[in-house]
Amino acid sequence: MREIYLDNNATTKVDEVVFEEMRPYFCELYGNPSSMHYFGGQVQKKVDEARQRVADLIGAHPEEIIFTACGTESDNAAIRSALEVFPNKRHVITTRVEHPAVLTLCRGLSKHGYRVTELNVDSAGRLDMDELRSAIDDNTAIVSIMYANNETGVIFPIEEVGRLVKEKGALFHTDAVQAVGKIPLNMAESTIDMLSLSGHKLHAPKGVGILYVRKGVPFRPLLVGGHQEKSRRAGTENTASIIALGKACELAGQHMGDENTRVRAMRDRLENELLRLIPAARINGGGADRLPNTVSIAFEFVEGELILLYLSELGICASSGSACTSGSLEPSHVLRAMGVPFTCAHGSIRFSLSRFTTDEEIDTVIRELPAIIRRGREMSPFGRELLAK
């Protein structure tokens, strides 16, 4: 059975071109880039090239790029650095719909004397800008707000947020893990101070990411030890994966037009056909500006876990939300924050496409999912009542 992979917001396949780029740096060119000899030096040149490629994708300078192990490390490093830079400022602002990498950290800080404000969103998942204006004050050290939501794909007005943050003298960080490679970013013209990126969301391997830190922004490292990354992130470089990330960023820039045309068209067709064929369905975040690859769709009176099980039996891979919270049977914290009714939140499924998704795969989902929803609703008295109408 050939799988139909529609869970790209959880992780992506490594592009074969990316894999070939990194392959020699395991067994052939395995030198330590920090070594003084030529064997290590040639690896350092490839790391430098990768840094430039990442910078080019987001419109940054290469010296503003710090390689990390993942988006979670980048998020933690940004927020903890701001608190060290401003030791007398005890206020952090984030949102109720952040990834656990940010939300769990911020909630932990609230237990250690920090005041944490979690901003609300409306029913379409859009940020409450008036609440942000009221919340930010002279005691705010950092505002950390995601660029685009990993579950719904809703894009936040990041530049507007950044301007408000700058007026108050706080630092501004964005978790852009889902946005990078899907929509254009230009740090040279941005209000963002720090930005997180994760390689495995754009067809590079797991275990590599970056933290962008704008030139001139004060920064305190999370990991200390050696002098790697100009003493901003200690630890021997994960050279093969860094080189792969650089290639993946180069390819992401080349394919961004495809993401916003062909992939968006497949996403829209999937949404429209499912809404047409399945009663009592809704798009979570449908009224907002969203990433071109993401569908969060809710079906009343059926369990999401059951839908995923039936889909999996057909080789169709989707999710009920963030992979980092999939162990919980509770409705998504994102959908709860949006006020999605309980009967819908439990039956919400996320399909996330990539440039490797095909029209034939979308056709299969459109063909198979209505019967799956009907089968699931037959197990619920409310679902049976709906089917009887």
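The values are calculated or read from the model by the stated rules, or taken from the named source; none is laboratory data. Quick caveat, the model's predicted, so the values are computed rather than measured. With ideal geometry, Cβ positions are generated from the backbone for all residues, glycine too; neighbour counts draw on all protein chains shown. Note: areas computed on protein heavy atoms with side chains; ligands, DNA, RNA excluded. Shrake-Rupley method; radii C 1.70, N 1.55, O 1.52, S 1.80 Å.
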Helix axis angle, 158-167 relative to the chain longest principal axis, alpha carbon, degrees: 50
Cross-link pairs LYS89/LYS182; LYS45/LYS166; LYS45/LYS215; LYS182/LYS215; LYS166/LYS247 - those with Cα-Cα distance over 30 Å: LYS89/LYS182; LYS45/LYS166; LYS166/LYS247
Under-5 Å amide H pairs with ASP289, H placed in peptide plane, nonlocal only: ILE155
5 angstrom amide H check on GLU300, placed H, neighbours 5+ away: none
Solvent-accessible area, 1.4 Å probe, carbon plus sulfur percent, for the chain: 52
Degrees separating the helix 38-58 axis from the principal Cα axis of the chain, which is the longest one: 50
Approximate spin-label separation THR236-LYS215, in nm, with each point projected 7 Å along Cα-to-Cβ: 3.3
FRET efficiency estimate (nearest 0.05) - Cβ-Cβ, ARG276 to ALA371, R0 25 angstrom: 0.95
Percentage relative contact order, the stretch 16-251, counting C-alpha pairs under 8 Å, at least six apart: 28
Rounded to whole Hz, the Karplus (6.51, -1.76, 1.60) HN-Hα couplings of the stretch 80-91, x for glycine and proline: 5, 4, 4, 5, 6, 5, 10, x, 8, 9, 10, 10
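Based solely on its DSSP helices, what 222 nm [θ] is calculated for the chain when runs of n ≥ 4 H residues each add -39,500 (n - 2.57) and the sum is averaged over all residues, nearest 500 deg cm²/dmol?
-12000 deg cm²/dmol
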Where the chain is the region considered: accessible area per residue in Å², 1.4 Å probe: 41
³J(HN,Hα), Karplus 6.51/-1.76/1.60, whole Hz, each residue of the stretch 198-207, x for Gly, Pro: 10, x, 6, 8, 9, 6, 10, x, 6, x
HN-Hα J in Hz across the stretch 369-379 - Karplus 6.51, -1.76, 1.60, θ = phi - 60°, x for Gly and Pro: 5, x, 5, 5, 5, 4, 4, x, 5, 5, 8
Ranked packing of 144-153, 369-378, most packed first, by mean Cβ within 10 Å: 144-153, 369-378
Listed peptides 175-188, 105-118, 59-72 by packing density, highest first (mean Cβ within 10 Å): 175-188, 59-72, 105-118
Ranked packing of 84-92, 210-218, 343-351, most packed first, by mean Cβ within 10 Å: 343-351, 210-218, 84-92
DSSP beta bridge pairing in the chain, given as percent antiparallel to the nearest 5: 55
Solvent-accessible surface (1.4 angstrom probe) belonging to LYS206, in square angstrom, nearest 10: 130
Nearest-20 debye value, the stretch 16-251 charge dipole, Cβ charges on Lys, Arg, Asp, Glu: 580
Interchain or long-range residues, amide H under 5 Å from ILE316's placed H: ILE4
